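Colleague: Mind looking over this structure? Questions follow.
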Amino acid sequence: MEPRPDCQQSRSAKCAESCPLLLSGTNEQQPTYDGLMARARTARRELERERKKLDEAKWKLALLQPGYRRDRPIAVDSASQIEPHVRGMTCPTCDVSYRVLDHRATPEGRVVRAQCPQCGRTPEIHFVLRERLSS
Ligand SMILES: [Zn+2]
């Protein structure tokens, strides 16, 4: 019979299990319910942290898109297109459609304060009217 290639590996794993040298010095005993729960909590917290980082990155990326900055407004033909346009946009982190909080005219154009109903972010979306661009 051929020697199994994983034989060495399984033997060392068994050794580690029963080796008093490896066991002493760690407080890793039989996992208790509390221990498992604590570990799950830590994992969940870490996951949450990573997810937040990802959300922030997505958000920063979105801010580079037209509309999120005053110097990069979205051009529309008429003011009546503005609010429907905002409702058609989605929050980059939640992928949920924005709500329109308020809509005001500025010297440069229009600004809509949008809100994501899920994460509660309230980005300002900048618009400029095309008629204004040509005049
Ligand atoms: Zn959101």
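The values are calculated or read from the model by the stated rules, or taken from the named source; none is laboratory data. All of these numbers come straight from a predicted model, not from anything done at the bench. So basically every Cβ, Gly included, is an ideal-geometry build from the backbone, and we count neighbours across all protein chains shown.
Colleague: Do you know which residues across segment 65-111 are in a strand (DSSP E or B) and of a type in the set (S, T, N, Q)?
Modeller: Going through segment 65-111, the residues in a strand (DSSP E or B) turn out to be 69, 72, 74-76, 90, 97, 99-105, 110-111.
Passing the criteria: 90, 97.
Colleague: Take residue 58 and decide whether it is assigned to a helix (DSSP H, G or I) and loosely packed, with under 11 Cβ neighbours inside 10 Å. Working first, answer last.
Modeller: Numbers: assigned to a helix (DSSP H, G or I): yes; loosely packed, with under 11 Cβ neighbours inside 10 Å: no.
Considered against the rule, which asks whether it is assigned to a helix (DSSP H, G or I) and loosely packed, with under 11 Cβ neighbours inside 10 Å, residue 58 comes out as no.
Colleague: What pairs come out if I take residues in segment 100-119 that are of a type in the set (Lys, Arg) and pair them with residues that are within 16 Å of the ligand (Cβ to nearest atom) whose C-beta lies under 6 Å away, six or more apart or interchain?
Modeller: Listed pairs, sorted by first residue: 113/101; 113/122; 113/124.
Colleague: Return the residues of segment 53-99 that are more than 15 Å from the ligand (Cβ to nearest atom) and of a type in the set (Val, Ile, Thr); say none if nothing qualifies.
Modeller: Scanning segment 53-99 gives 74, 76, 82.
Colleague: For residue 32, state whether it is away from the ligand (no atom under 16 Å from the Cβ), at pLDDT below 95 and among the hydroxyl-bearing types (Ser, Thr, Tyr).
Modeller: The answer is yes for residue 32.
Colleague: Next up: When you go through 104, 113, 121 one by one, which is the residue that is under 17 Å from residue 69 (Cα atoms), near the ligand (Cβ under 10 Å from one of its atoms) and touching a strand residue (DSSP E or B) at 6+ places or on another chain (Cβ under 9 Å)?
Modeller: Values: 104 fails: near the ligand (Cβ under 10 Å from one of its atoms); 113 fails: near the ligand (Cβ under 10 Å from one of its atoms).
Selected residue: 121, the only one of 104, 113, 121 that is under 17 Å from residue 69 (Cα atoms), near the ligand (Cβ under 10 Å from one of its atoms) and touching a strand residue (DSSP E or B) at 6+ places or on another chain (Cβ under 9 Å).
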